[in-house]
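The values are calculated or read from the model by the stated rules, or taken from the named source; none is laboratory data. The shown structure was predicted, so the numbers you read here are calculated from the model rather than taken from an experiment. Counting neighbours? That spans all protein chains shown, and the Cβs are built from the backbone with ideal geometry, glycine included.
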Amino acid sequence: GWRTDTTAADKEYSNAQNIILEDSIHLYAVYTRVLTLSYDGNGGSTPSSQTTTQRYNSAGNYTTHTFTLAAAPTRKEYIFTNWAMDSVNGTKYNASSSISINKDTKMYALWERKKEAIIDVESYTTGKNDITIQLSYTGDGELISAELSDDSIASIDSFDPDSKTIKITGKKIGEVELIVKSSEGPTYLEATMNKTIVWGSVSDSNSTAFQSALTEWGVIGTSTDENWYGSLTDGYQSNGIYTIIETVNTNNFTGFYYRDENGNTPKYDNIILEFDMTSTNSDDDALGVMIRFNPETTSNYWSGYMLLLDRHDNNNGVGNGQYNGLWRANNKQFSMSGLSSYTKLVFDPSIVWSRNQWDHYRVEAIENELVVYRWAYNSAGDYPLIDTYKIFEYTDTSANAISSGSYGFWTHSQAYAQFRNFTAVTSMNDELQASIK
């Protein structure tokens with residue numbers, strides 16, 4: 001239509017309308033268009049556009065229209081703060097407030113990231129075979145789940161999100177990951193807590209050396225020391241980085257095993273022994289560990305299991321690999337001559353120790369299962385318990401199976417057998433003491 005003034009108000013005259021004039025007039029054309037208010041969620045949800053009919057004229061004037069802005073959109077992990085006109089740096093408006101515009105306009109959502117929520121262990125108490133954990137939670141969501149990585153090692157008896165408590169019962173020696181999760185709240189993010197629960201007493205754990213073993217076991221290294229077992233030639237030393245058992249004896253084993261503070265040999269039912277092992281000497285003879293070790297009353301006799309490894313790359317080692325594997329001794333002599341009367345459980349001549357290179361070992365004696373893992377040493381301590389790294393496995397169901405005992409390290413005719421990063425986790429008398437790493 002047409003108007004006689006420059007406002008963009010409603011038409012005064014329609015198209016093709018007849019009018020009577022007494023004087024000259026100037027008419028301005030009036031048009032209509034769709035005026036749009038649109039939204040950009042800026043990573044969040046985007047509301048629908050709003051429209052209305054707008055008038056404008058040939059003089060370049062437009063009508064102004066008022067809209068009610070959309071309610072706050074949503075975005076995972078963020079809090080909506082404002083709508084901004086035309087860009088994220090534009091004039092800010094609250095959600096659901098009024099805005100007047102005379103041109104197409106886009107509103108941009110502005111966001112603030114929610115705060116980090118934290119789940120942690122505040123305290124815990126242990127029983128004979130269980131642990132009760134009191135959690136702390138900083139956040140405004142809810143604790144929604146608690147689970148364990150391995151139900152064969154432990155199980156969750158109860159989980160109360162309101163009191164933030166978890167009770168877990170251990171089933172067998174080992175490590176299990178506890179995973180607790182919370183939901184996202186109005187101002188805090190969702191959170192996940194991962195804690196490792198160790199079932200079994202940690203006898204010694206030192207990431208760099210045997211120093212805590214030295215404290216617990218006392219000064220050793222003489223042929224009369226009761227912590228030694230077998231024949232000593234050169235002895236034992238530690239430079240604060242690793243422990244060395246030196247021997248060049250060609251018949252007897254040189255062994256070092258754990259005794260408690262009263263000098264008794266513990267009767268551990270289950271043992272997990274982890275350590276790094278190597279040798280820098282050019283010799284290629286045997287070294288390894290004994291587990292469920294029991295010294296017998298007869299001098300230099302013992303019962304237990306032995307992991308034996310040689311290299312047989314220089315002078316065929318101690319038998320060109322025929323001895324590499326797991327052995328059981330039942331009141332037998334602790335020597336190479338006694339080895340012939342041991343029971344060979346499982347062997348593989350291709351598995352040898354690494355010269356001048358640390359390897360990490362894990363030897364398990366859990367119930368009647370014997371398992372040995374080996375990995376190349378890595379500083380991150382990343383040693384996955386998968387079959388790829390399993391080198392020996394045996395289930396001892398015989399009447400001569402060894403049910404309990406101590407553990408230790410030994411070598412035969414291999415100078416400078418070296419051990420470090422030692423950890424022993426044990427359980428006895430059907431007790432699974434729990435601790436959290």
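If you go through region 32-44 and keep only what is surrounded by 14 or more Cβ atoms within 10 Å (Cβ to Cβ), among the small types (Gly, Ala, Ser) and not in a strand (DSSP E or B), you end up with Gly41, Gly44.
Rundown of residues vs (1) more than 25 Å from Thr126 (Cβ to Cβ); (2) surrounded by 14 or more Cβ atoms within 10 Å (Cβ to Cβ); (3) modelled with pLDDT under 90; (4) of a type outside the set (S, T, N, Q), yes/no style:
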residue	(1), (2), (3), (4)
Val352	yes, yes, no, yes
Asn356	yes, no, no, no
Ile366	no, yes, no, yes
Val372	yes, yes, no, yes
Pro384	yes, no, no, yes
Glu393	yes, yes, no, yes
Ala401	yes, yes, no, yes
Gln414	yes, yes, yes, no
Asn421	yes, yes, yes, no
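For region 225-284, taking the residues that are within 30 Å of Asn316 (Cβ to Cβ) and aromatic (Phe, Trp, Tyr), the one that is modelled with the highest pLDDT is identified as Phe275.
Scanning region 126-164 for residues that are part of a strand (DSSP E or B) and of a type in the set (A, V, I, L, M, F, W, C) yields Ile131, Ile133, Leu135, Leu143, Ile144, Ala146, Leu148, Ala154, Ile156, Phe159.
Among the residues making up region 331-357, those that are more than 40 Å from the chain's Cα centre (by Cα) and in a strand (DSSP E or B) are Asn331, Lys332, Gln333, Ser335. Only one entry of Ala70, Ala59, Ala29 meets the criterion of being part of a loop (DSSP other than H, G, I, E, B), more than 30 Å from Tyr188 (Cα to Cα), at pLDDT 80 or above and of a type outside the set (S, T, N, Q), and that entry is Ala59. Of the residues making up region 411-420, not a single one is out of contact with any Cys (no Cβ under 6 Å at 6 or more places or on another chain), within 18 Å of Gly200 (Cα to Cα) and touching a residue at least 24 places away in the same chain (Cβ under 8 Å).
Of all residue pairs spaced 6 or more apart or on separate chains, those with beta-carbon atoms under 7 Å, a first member in region 9-35 that is in contact (Cβ under 8 Å) with a residue 40 or more places away in the chain and a second member that is in a loop (DSSP other than H, G, I, E, B) and surrounded by 10 or more Cβ atoms within 10 Å (Cβ to Cβ) are Leu35/Asp104. The set of residues in region 392-411 that are in contact with a Gly (Cβ under 9 Å, 6 or more places away or on another chain) and within 20 Å of Met277 (Cα to Cα) comprises Phe392, Ser406, Tyr407, Gly408, Phe409, Trp410, Thr411. Somewhere in region 294-317, is a residue aromatic (Phe, Trp, Tyr), surrounded by 20 or more Cβ atoms within 10 Å (Cβ to Cβ) and either touching a Gly at 6+ places or on another chain (Cβ under 6 Å) or not in a strand (DSSP E or B) (or both)? Among the residues of region 294-317, not one is aromatic (Phe, Trp, Tyr), surrounded by 20 or more Cβ atoms within 10 Å (Cβ to Cβ) and either touching a Gly at 6+ places or on another chain (Cβ under 6 Å) or not in a strand (DSSP E or B) (or both), which makes the answer no.
For region 114-124, does any single residue satisfy the condition of being more than 21 Å from the chain's Cα centre (by Cα), assigned to a loop (DSSP other than H, G, I, E, B) and not β-branched (Val, Ile, Thr)? The answer is yes, given that some residue of region 114-124 is more than 21 Å from the chain's Cα centre (by Cα), assigned to a loop (DSSP other than H, G, I, E, B) and not β-branched (Val, Ile, Thr).
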